[in-house]
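This report refers to the structure that appears directly beneath it.
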Amino acid sequence: MAQRKFYNLETFIFLHFIIFHMIRIVKCTIIFVFLLSSLIAITGETCAHTPSNMKLDYDIDNHTLNVTITHSVSNPDTHYIYKIETKKNDVLQSTKEYTSQPSTSKFTYSIDVEAEIGAKLTITALCNQVGSIKKSYIVNGGEEDGGGIAGFEMILLLGAMMVLLMLKRKK
């Protein structure tokens, strides 16, 4: 017949202490890895980024909207503006899709769209990896700022802030 081993109270407390701290170390390691990867993705060169600027200019005589986009990339064949949506007075007029961009930083596309004085033209340029930029132009009135849409970077930043708030609440 096998004998049972009974541990004394000191051994039980010691094992409980070790297990408790091992679980705590694993949790802290997971949080640290998440925060570190978030920081690298936000600030590092390894993460894709949104288009940084867009300038619109409408030629009323030729009914052409010139869209100049600044989107700095290392390889325009793998990281590029893949779609440009054109709206006139908030109604979709055209969608153009691309499989690369013409340069590694700044380029211009010409879009045919008929618009009368006072019409609002809105352009949204979408990156194939993350994010987009949107601007509006009032014919003979100039450009309005539409701002960019934060992509992956904003999600990571919000996630990191939530983790920090959860950690603070536990203390």
Exercise for review: Of all residues in the stretch 71-112, count the ones that are touching a residue at least 40 places away in the same chain (Cβ under 8 Å) and in contact with a Lys or Arg (Cβ under 6 Å, 6 or more places away or on another chain).
Suggested key: 1
Check your understanding: Which one of the conditions (1) modelled with pLDDT under 95; (2) more than 15 Å from Leu56 (Cβ to Cβ); (3) over 18 Å from the mean Cα position of the chain (by Cα); (4) not small (Gly, Ala, Ser) does Gln129 fail to meet, given that it meets all the rest?
Key -> (3)
Point to revise | Hits in the stretch 55-87 - residues which are closer than 20 Å to Gly142 by Cβ and of a type in the set (Ser, Thr, Tyr) | key: Tyr58, Thr64, Thr68, Thr70, Thr86
Study note, to complete from the structure: Result of the Cβ filter at 6 Å on the stretch 54-65, keeping first residues that are under 20 Å from Ile133 (Cα atoms) and partners that are outside any strand (DSSP E or B) and not polar (S, T, N, Q), at least 6 apart or interchain, is Tyr58/Val139; Leu65/Val113
Check your understanding: Tell me, which strands (runs of 3 or more DSSP E) wholly within the stretch 75-149 include 3 or more residues that are in contact with a strand residue (DSSP E or B) (Cβ under 6 Å, 6 or more places away or on another chain), among the aliphatic types (A, V, I, L, M) and in the same structural domain as Asp61 (by TED's automatic domain parsing)?
Key -> 120-127
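The values are calculated or read from the model by the stated rules, or taken from the named source; none is laboratory data. Just so it is clear, the structure is predicted and the values come from calculations on it, not from any experiment. When we count neighbours, we look across all protein chains shown, and the Cβ atoms used for this are built from the backbone with ideal geometry, even at glycine.
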